[in-house]
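First comes the structure, then the notes that go with it.
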């Protein structure tokens, strides 16, 4: 979360990780799509890691910040 907050400050949502950010922007930006594919490859045991992380973080934000 710290890396995401410092590096991607203008675009990041509260309590978002790099995987969640890439999952959220995967369909918008070619660079994010490539980075999400790389992160998914690093987490080979969890299919669609970035998308799953994004959905979990989004559900968590909706619970914490109604």
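The values are calculated or read from the model by the stated rules, or taken from the named source; none is laboratory data. Being a predicted model, the structure only gives us computed values, none of them experimental. When we count neighbours, we look across all protein chains shown, and the Cβ atoms used for this are built from the backbone with ideal geometry, even at glycine.
Overview of values
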read-out: Filtered residue count, the stretch 45-60, keeping only those that are loosely packed, with under 14 Cβ neighbours inside 10 Å and part of a loop (DSSP other than H, G, I, E, B); value: 3
read-out: Some residue of the stretch 14-32 being modelled with pLDDT under 90, surrounded by fewer than 18 Cβ atoms within 10 Å (Cβ to Cβ), outside any loop (DSSP other than H, G, I, E, B) and out of contact with any strand residue (DSSP E or B) (no Cβ under 9 Å at 6 or more places or on another chain); value: no
read-out: Residue within the stretch 37-44 that is assigned to a loop (DSSP other than H, G, I, E, B), surrounded by 12 or more Cβ atoms within 10 Å (Cβ to Cβ) and more than 12 Å from the chain's Cα centre (by Cα) present; value: yes
